[in-house]
Every structure is written in structure tokens, then in C-alpha cells.
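First comes the structure, then the notes that go with it.
The values are calculated or read from the model by the stated rules, or taken from the named source; none is laboratory data. Treat the numbers as computed from the prediction; the structure is a model and nothing was measured. Neighbour counts run over all protein chains shown; Cβ positions are idealised from the backbone, glycine included.
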Amino acid sequence: MKEECTITTDRQCSPCVAPTYSDGGQTCEQCNGKGQYNDKDGAAFCKTAKAGYKPTSDRKVRMNLNKTGTGT
């Protein structure tokens with residue numbers, strides 16, 4: 001899913017909010033790939049969860065597959 005950036009008064013795009021990213025500053029894109037997540041606003045790329053981890057359903061944190069509870 002892509003959405004247009006918001007143009008600020010200085011004609012720069014506002015930062016994309018997690019779990020989206022923008023590598024070119026024109027659109028915000030969701031981190032939808034297998035194992036991808038993003039926990040930072042203004043990211044230029046998605047992070048990939050390490051082996052044994054997976055993103056939470058909102059794709060904002062990664063969670064250990066061997067434990068229950070909140071993401072790490």
C-alpha cells in the first residue's frame with residue numbers, strides 16, 4: 001500500500017510513521033514483506049526479523065517465536 005507524503009511548508013515530505021518507510025521521499029510504503037517490520041518514524045527501509053523472530057501483527061516490533069509476551 002502506498003500513500004502520498006504530506007508536503008510541509010519547506011516542500012519536504014513529512015517523515016513516514018512506523019510501520020511505513022520511504023526510500024525516495026515521495027511515498028510512504030508499508031513493511032509487508034516476509035519478516036519485515038519497522039519501529040521508527042522516518043525510516044528509509046524496513047528491518048527484517050532475525051531467525052527465531054517474527055513481526056507483530058502491526059509490524060512495529062519483532063517478537064521471539066519461543067516466548068510469549070511483548071516484542072523485543
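Observations
- Hits in the range 31-47 - residues which are in contact with a strand residue (DSSP E or B) (Cβ under 7 Å, 6 or more places away or on another chain) and either over 26 Å from residue 66 (Cα atoms) or part of a loop (DSSP other than H, G, I, E, B) (or both): 31, 35, 38, 43, 44, 45, 46
- Candidates are the residues of the range 19-30 that are of a type in the set (Ser, Thr, Tyr) and modelled with pLDDT of 90 or more; the one that is nearest to the chain's Cα centre (by Cα) is 20.
- Counting the residues of the range 48-66 that are at pLDDT below 85, assigned to a loop (DSSP other than H, G, I, E, B) and in contact with a Ser or Thr (Cβ under 9 Å, 6 or more places away or on another chain) gives 1.
- Filter result for residue 33 (modelled with pLDDT of 85 or more and surrounded by fewer than 16 Cβ atoms within 10 Å (Cβ to Cβ)): yes
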